[in-house]
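Data first, discussion second: the structure below is written as structure tokens.
Where a number appears in this text, it was derived from the coordinates with a stated rule and is not lab data. Please read all numbers here as calculations on a predicted model, not as lab measurements. When we count neighbours, we look across all protein chains shown, and the Cβ atoms used for this are built from the backbone with ideal geometry, even at glycine.
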Amino acid sequence: MPTATETTTHHTEISAAQRRVEDDLVDRVVASFDDCDNPRLKFLMQRLTVHLHEFIRDVRLTEEEWNTAIEFLTQVGHITDDKRQEFVLLSDTLGASMQTIAVNNEAYEDATEATVFGPFFVDEAPEVPLGGDIANGATGQPAWIEGTVTDTDGNPVPNARIEVWECDEDGFYDVQYGDDRTAARAHLYTNDQGEYRFWGLTPVPYPIPHDGPVGRMLTAVGRSPVRAAHLHFMVTAENLRTLVTHIFVDGDPQLEIGDSVFGVKDSLIKRFEQQPAGTPTPNERDLGDQTWTKTRFDIVLAPANPVYEEN
Ligand code: BEZ
Ligand code: FE
């Protein structure tokens with residue numbers, strides 16, 4: 001039996017005749033795409049065929065296992081609708097989302113690292129002014145978040161659009177309540193100095209939706225559905241690469257336990273400094289006897305079409 005991380009092929013236990021049968025099938029399926037007139041689609045389908053057949057042959061997949069996989073994917077499809085995207089959860093929990101992000105967001109100078117998008121972004125969240133509060137009724141400990149947006153030469157980026165979204169203190173995004181509320185999400189713009197600031201909530205760990213087939217898969221393999229506490233950002237600005245990322249909370253025990261979708265990067269872990277009740281707030285917001293936190297997240301955007309130096 002091969003070990004799980006070995007990448008070499010393992011067809012050694014089969015006879016030469018059996019190997020020829022299996023090789024021949026791969027060749028015929030690959031050739032079936034030869035006339036595809038979209039070169040990229042042809043390439044993707046042929047390489048998918050090679051890898052899929054390699055997997056089936058490598059693990060000597062049983063017919064029962066294949067049927068179980070098809071039944072599982074059928075369940076993933078059945079639970080998916082315009083509000084519940086189980087395929088995204090599957091991609092995320094298999095690390096496929098993060099691998100696609102890694103492939104498409106190669107490190108460029110000191111540009112801020114990207115991480116997983118997740119299924120809870122909503123287009124056209126309300127705008128808040130600089131220093132505004134995104135909570136709109138979502139409960140949790142207030143957090144002051146401020147920083148700058150610059151390019152990799154250190155120039156401030158005015159008018160960058162920053163989308164932010166997060167769960168409430170119970171671990172739910174507004175869209176999970178099913179009552180059309182909009183809370184703990186907003187967009188804002190950087191000022192002429194490239195600065196931004198807003199009130200959000202101190203992020204808390206929460207489980208990804210795990211009452212469906214992906215949750216059952218996680219249970220079957222002994223994995224937790226919990227994500228490390230985070231606050232989502234998407235930053236767009238002219239001529240710069242769109243950044244989809246989060247910040248994580250330094251000291252969150254879930255960082256040690258692990259993030260269920262492999263989204264954590266050390267550079268994105270920020271200190272949310274606890275402020276005792278009564279500490280004056282940056283914009284004189286009256287928080288009564290509530291404690292609050294503050295953090296800083298300086299964002300650096302890569303050029304839209306970065307030119308990488310050969311190494
Ligand atoms: C999220 O962070 O919102 C998320 C990411 C992946 C799967 C589920 C949720
Ligand atoms: Fe999230």
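At 0.36 nm per residue, minus the direct Cα-Cα distance, what do residue 45 and residue 181 gain on full extension? Give it in nm, one decimal, please.
Values: separation 136, 0.36 × 136 = 48.96 nm, distance 4.20 nm.
In short, 44.8 nm is gained.
Which of these, 280, 142, 39, has the largest mean-square fluctuation under a Gaussian network model of the chain (Cα springs below 10 Å)?
39
For residue 265, which lysines qualify as cross-link partners when the Cα separation must be under 26 Å and same-chain residues fewer than eight apart are set aside?
Excluding near neighbours in sequence, the set is 294.
Put +1 on the Cβ of each Lys and Arg and -1 on the Cβ of each Asp and Glu in the chain; which of 300, 62, 74 then has its Cα farthest toward the positive end of the dipole?
62
What is the range 94-190's relative contact order, in percent, from Cα pairs under 8 angstrom and six or more apart in sequence? Mind dumping the intermediate values first?
On the way: 110 pairs, mean separation 31.2, N = 97.
Relative contact order here is 32 percent.
Ignoring everything except DSSP H segments at least 4 long, calculate the 222 nm mean residue ellipticity for the chain; use -39,500 (n - 2.57) per segment, divide by total residues, nearest 500.
Details: 7 runs with 83 residues, N = 311.
Computed ellipticity for the chain at 222 nm equals -8500 deg cm²/dmol.
Explain nothing, just the number: relative contact order of the range 136-245, from Cα pairs under 8 Å at least 6 residues apart, as a whole percent. Display every interim value, and only then the final one.
Details: 213 pairs, mean separation 35.0, N = 110.
Worked out over the range 136-245, it gives 32 percent.
Send over the semi-axes of the range 104-213's equivalent ellipsoid, whole angstrom and largest first, taken as the square roots of 5 times the C-alpha gyration tensor eigenvalues. Mind dumping the intermediate values first?
Working: eigenvalues 141, 68, 29 Å².
Taking √(5λ) for each Cα gyration eigenvalue gives 27, 18, 12 Å.
Work out the length of the dipole vector of the chain about its Cα centre, built from +1 on the beta-carbon of each Lys and Arg and -1 on the beta-carbon of each Asp and Glu, and round it to the nearest 20 debye.
Values: 24 positive and 54 negative charges, 72 e Å.
In debye, rounded to 20, the chain gives about 340.
Once the other residues with Cβ under 11 Å from the Cβ of residue 19 are scored (Lys, Arg +1; Asp, Glu -1), what is the net sum?
-2
Straight-line reach only, C-alpha to C-alpha below 15 angstrom: list the aspartates and glutamates that residue 42 could link to, leaving out same-chain residues fewer than 8 apart.
By straight Cα distance, residue 42 reaches 27, 34.
Let me have the relative contact order for the chain, percent, based on Cα pairs under 8 Å that are six or more residues apart. Please report the intermediate quantities before stating the final value.
Working: 535 pairs, mean separation 58.4, N = 311.
Relative contact order of the chain: 19 percent.
At 0.890 mPa s and 25 °C, plugging the Kirkwood radius over alpha-carbon pairs of the chain into Stokes-Einstein gives what diffusion coefficient in µm²/s? Don't skip to the end; give the middle numbers.
Details: Rh = 22.3 Å.
Calculated translational D: 110 µm²/s.
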